[in-house]
Structures are given as C-alpha cells and as structure tokens.
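S.K.: I have a structure I would like to understand better, so I am pasting it below and will then ask my questions one at a time.
The values are calculated or read from the model by the stated rules, or taken from the named source; none is laboratory data. As the structure is a computational prediction, the values presented were derived from the model and not from experiment. Because the Cβ atoms are built from the backbone with ideal geometry, glycine has one as well, and the counts that use them run over all protein chains shown.
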C-alpha cells in the first residue's frame, strides 16, 4: 500500500473524508478565538489606534471594508469579468466582511471612543452582523455552502415525483386529494404576514405536523373499514399502512421544504433591501471618521 493511499472500509466513510473539516468551520473557529482573545486580553497595553501597529490595523481594516464593494461591482458590471468568477469574489467578500471588522476591533482595542469613532464602529458592527444573518439566509436557499441557487421548480418537481407514485396507496379513497389540500394550506401559511416572513417556517412546521397526524389518522381509519370488507387487505394491513405512512411523510416533507424556501427567499429580498443602505451608512461614517482623525 502506498503512503498516500486512502483506506476504505465497506459501508463506512473513507479515513480522509471522515477527518475532512469544512473551510467554513475552520474560519468560524478562528474568528471566534480572535474575538474572545481580543475581548478578554488587554490589547491596549500593546496596541494604540494613533500610531504603529494599531494605526496600521485601522488602515488595513478600512481598506478591507472598501474592498467589499468589489463584489457588487463584479456582479453588476460584465466588463469586470477579467477579475475572475463571481463565486470567487463572493467568497472573498465573506472573508473581507469578517477580517475587516476584526482588524477594526483590534484597532479600537474593543472599546468605544469619540463620537465619530463610535458611529463608524457601530455602523461597521451593524453591517457585519447583517452580513452574518444574510449568509445564513443565503445558505438556506442554496445547495451546499457556495452552490447554485435552488429554484422553486426543482422542489415542485420533487413533489410531483412523489405524487406520481400515488398508485401504491390508491386503495385509500381521497388520500391524494386530502394531501393536496394539506399542501396548499402549508404553502399559504403566513401569506398575510409579508414583513414577518421569518415566522412562516415555524407556522409551516406546525401545520405540517398537524397534517401528518391527521392524514395518518385518516389512513388508519380507512384501513379499519377496508379490513372488514376484504381478507386480502386484512392480510396486508401492516404493509399497506407502512406504505401509506411513508408516502404521506415524503409528500409533507417536500411541501415543508418548499414552504421554507419561499419564506427564506422572501427574507433574503428584505435583507438585501436593508443591507445596501447599511453599507452606504458605513461608508459615510468611515470617511467622516478618517477626516476627523487626521484633521484634529
């Protein structure tokens, strides 16, 4: 066996895949360690914002925050295609959104200062927090970490594929009709709460749980009636119940995923409309801070 070979055990993950740590987890751990270290460690003994390393951190952090705009420019201006794929700039955008605030926090020694400094710092932290929230919403409507966008059609086709196998439970009257009614009810959840889209997944989850319970109860009742009329159904009662329950669970699960997608897509649109003004506010506050510091 070569030194670099991968050991594989049937039915188990390879040793390499078992020890592979996602890059997002590594970055998250590093950021948390740096935040906790800066918060509890007396950085003011070694770093001062006015000169030396502390001043350099302020310049570096401010420059990184300015570079955040390159992602928006690359995404909207086609002639910037020579800079590389948009997905790479998105990754760079996320790293800058973490690295810039970290540098600024160390630059300020994790303390408030003059009014103009406080406005710039709070604006930056607001934008950074908004970016973390947006990244979470983004991950809910995309495949993987940096994958392609989920579409409503993909989830609908998944639900249609489940409906196509309804012949296996055709012995139960009205099951498919009841399922479709339950699906419509779940998908319309929270429709009257456009500004509270975050509540839709919770409402959809509750409705899905109730629908699953009600449909299973219907199947059990229908089976009890059918058993009295047919010895064949009586002999296959357990298998038929298991098949019907599995079909119900798959349909309801697919519908709930679809409802979640709709909710997070709406939330992402609202977040994006809020995030842009926050970035503009940060830019103005940063420029004012730099001018005031160097003038006075």
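S.K.: Based on this model, can you work out whether residue 64 counts as within 30 Å of the chain's Cα centre (by Cα), touching a residue at least 24 places away in the same chain (Cβ under 8 Å), closer than 16 Å to residue 278 by Cα and in a helix (DSSP H, G or I)?
M.R.: In short, no.
S.K.: Among what's in the stretch 105-127 and is modelled with pLDDT of 80 or more and part of a loop (DSSP other than H, G, I, E, B), pick the residue that is nearest to residue 45 (Cα to Cα).
M.R.: 109
Quick grid of which residues meet (1) at pLDDT 80 or above; (2) surrounded by fewer than 17 Cβ atoms within 10 Å (Cβ to Cβ); (3) farther than 30 Å from residue 55 by Cβ; (4) not assigned by TED's automatic domain parsing to the domain that holds residue 119:
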residue: 242; (1), (2), (3), (4): yes, yes, yes, yes
residue: 245; (1), (2), (3), (4): yes, yes, yes, yes
residue: 263; (1), (2), (3), (4): no, no, yes, yes
residue: 267; (1), (2), (3), (4): no, no, yes, yes
residue: 280; (1), (2), (3), (4): yes, yes, no, no
residue: 284; (1), (2), (3), (4): yes, yes, no, no
residue: 287; (1), (2), (3), (4): yes, yes, no, no
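S.K.: Taking the stretch 247-256, which residues are in contact with a helix residue (DSSP H, G or I) (Cβ under 7 Å, 6 or more places away or on another chain) and either surrounded by fewer than 17 Cβ atoms within 10 Å (Cβ to Cβ) or assigned by TED's automatic domain parsing to the domain that holds residue 129 (or both)?
M.R.: 249, 250
S.K.: Which members of the stretch 106-117 meet the condition of being farther than 19 Å from residue 37 by Cβ and surrounded by 15 or more Cβ atoms within 10 Å (Cβ to Cβ)?
M.R.: 116, 117
S.K.: Only one of these conditions is not met by residue 103: (1) loosely packed, with under 13 Cβ neighbours inside 10 Å; (2) more than 22 Å from the chain's Cα centre (by Cα); (3) under 25 Å from residue 276 (Cα atoms). Which number is it?
M.R.: (1)
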